[in-house]
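Here the structure comes first, spelled out in structure tokens, and everything after it is commentary.
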Amino acid sequence: MMLREKHILFLYILLWFLYELQGLLWTEGNILSQVIILTLNAMAVYYFCMVNMKVPDKPAYIYVLNALMIMFFFYGMVYVLEGDHFYLGVTVNKPFNYLKGIMNSLLPIYVFYYFAWKNVLTKRYMQVLTFFFFVVIIISYWSEELESRSILMERGVDRDGVVNNMGYEFLCLFPVLAFFDKRPWLQYLGLICVMTFVVMGMKRGAILIGTLCMVWFLLEMFRTAKSYKKLLIVVVSAVVVVIMAYLVWHLLQTSTFFNQRLQATIEGNTSGRDFLFATFLNYFLYDTTFFQFLLGSGANATLEVSVNYAHNDWLELAVNQGVLGIVLYAIYWISFFQAWRSMSGDRLIGFAFGLVLLIYFVRTFFSFSYGGMSIYSTSVLGFCLGAGMRGKEEKSMAV
């Protein structure tokens, strides 16, 4: 049975890697991609059921996640049945894409949670996955970089840099680096690599979160180091900071676009987010009916209000799911925080889980969070929940 479950987990992860690399291996969105994502979601739904029927003493986080999934599924199905295609420039936003995005983002948590509870997904397994994560994300980063530059060239835009959204995916590598606590030199190399790509991606939100994660990571390494190693940790951490400072200085000297992004940030330019925030907040407070205020205007209603997403989870939920969505989402983050606090007995698991919490909570204020999770983060989240619960069960049995 254990051997079969290991094969199933391997197949699940392999299919995700293939799906992430679509566009390179085959045409994006073709029949093969559709078969892969349907298979992945079918497997995830199965393990959603297995977690809820077979796993005892689940943390409150899982129950709140269940409620969040049910809410999104209900609104998504209504949107699929009654919604129309929506055009964002040349991009066609189909009603099913809303539901697919939620499922791709949140359902994998159940898969990894189940396999961690069964002790199939282990710390060693996560260490091996980390190297594949780096390879796939780096390939995806350069693929998006080349595609963005090609589009600019076709439009006749001469620019020495582009904004690369894969910077957010690199943030997900901070938590998996925590599992290499016995090999700090790998952690330092990983930190440098991750922050290099985050800075090069020029997503200001990703750079902010990356800086917070790096500072926490270095402080945690210093805090947990033995007394005779603390000085070495300080020296190496200083080297890492110097390297990152040099990278920023180099970009300032060589990239006009990087200078423009930095200057825009200093001047408070939010890429139109302040206008979007005001638009959606005013709509929610003053332009909704009583039932729209309580239950929202439906999935992707933000596209109808302002032909754009809110780029803020709380406003997105306010418009789409109303007070119901906001309250449930707040409870979700409270349960997330409580789950992290309950892991205080296992420093490593708690640290990795805390990094996931930090990354995605901060993202709620200026990017897509609940709909933007990937296998790189859901694997850590599910592993930490499952491993933490298994540890409590073993202690209980020992008593």
GNM on the chain, Cα springs under 10 Å; top mean-square fluctuation among Ala310, Ala116, Ala60 goes to Ala60
Number of Lys pairs in the chain with C-alpha atoms less than 19 angstrom apart, excluding same-chain neighbours closer than eight positions?
16
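With a cap of 14 neighbouring Cβ atoms within 10 Å, and only residues DSSP puts in a loop, list the trypsin sites (Lys or Arg not before Pro) found in the stretch 22-121. Intermediate results must be reported in sequence, preceding the final value.
Working: sites: Lys54, Lys100, Lys118; in loops: Lys118.
The qualifying sites: there are none.
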Distance in Å, no decimals, from the C-alpha centre of the stretch 313-348 to the one of the stretch 1-52 is 27
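Evaluate the relative contact order of the stretch 2-398 (contact order divided by residue number), counting alpha-carbon pairs under 8 angstrom at least 6 apart; express in whole percent.
Working: 430 pairs, mean separation 94.3, N = 397.
Result for the stretch 2-398 is 24 percent.
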Which entry in [x] 44, 25, 18; [y] 31, 30, 22; [z] 51, 20, 19 matches semi-axes √(5λ) of the Cα gyration tensor in Å derived from the coordinates of this structure?
[y]
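Once you charge only the Cβ atoms, +1 for Lys and Arg and -1 for Asp and Glu, what is the size of the charge dipole of the chain about its Cα centre, to the nearest 20 debye?
On the way: 28 positive and 24 negative charges, 349 e Å.
Dipole of the chain, to the nearest 20 debye: 1680 debye.
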In terms of the charge dipole of the chain, which places +1 on Lys and Arg and -1 on Asp and Glu at the beta carbon, the residue among Ile331, Met53, Thr256 farthest towards the positive end is Met53
How much mean residue ellipticity at 222 nm does the chain get from its helices, if each DSSP H run of length 4 or more adds -39500 (n - 2.57) and you divide by all residues, to the nearest 500 deg cm²/dmol?
-25000 deg cm²/dmol
In whole Hz, with x marking every Gly and Pro, tabulate ³J(HN,Hα) for the stretch 283-298 from phi via Karplus 6.51 cos²θ - 1.76 cosθ + 1.60, θ = phi - 60°.
4, 5, 7, 10, 10, 9, 7, 4, 6, 5, 5, 7, 10, x, 9, x
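Please identify the trypsin sites (Lys or Arg not before Pro) of the stretch 145-247 that satisfy two criteria: DSSP loop assignment and at most 12 other Cβ atoms within 10 Å. Which are they? Mind dumping the intermediate values first?
Working: sites: Arg149, Arg155, Arg159, Lys182, Lys203, Arg204, Arg223, Lys226, Lys229, Lys230; in loops: Arg155, Arg159, Lys182, Lys203, Lys226.
Answer by residue number: Arg155, Lys182, Lys226.
All of the numbers you see were taken from the coordinates with simple rules; none came from a lab. Given the structure is predicted, the values throughout are model-derived calculations rather than measurements. So basically every Cβ, Gly included, is an ideal-geometry build from the backbone, and we count neighbours across all protein chains shown.
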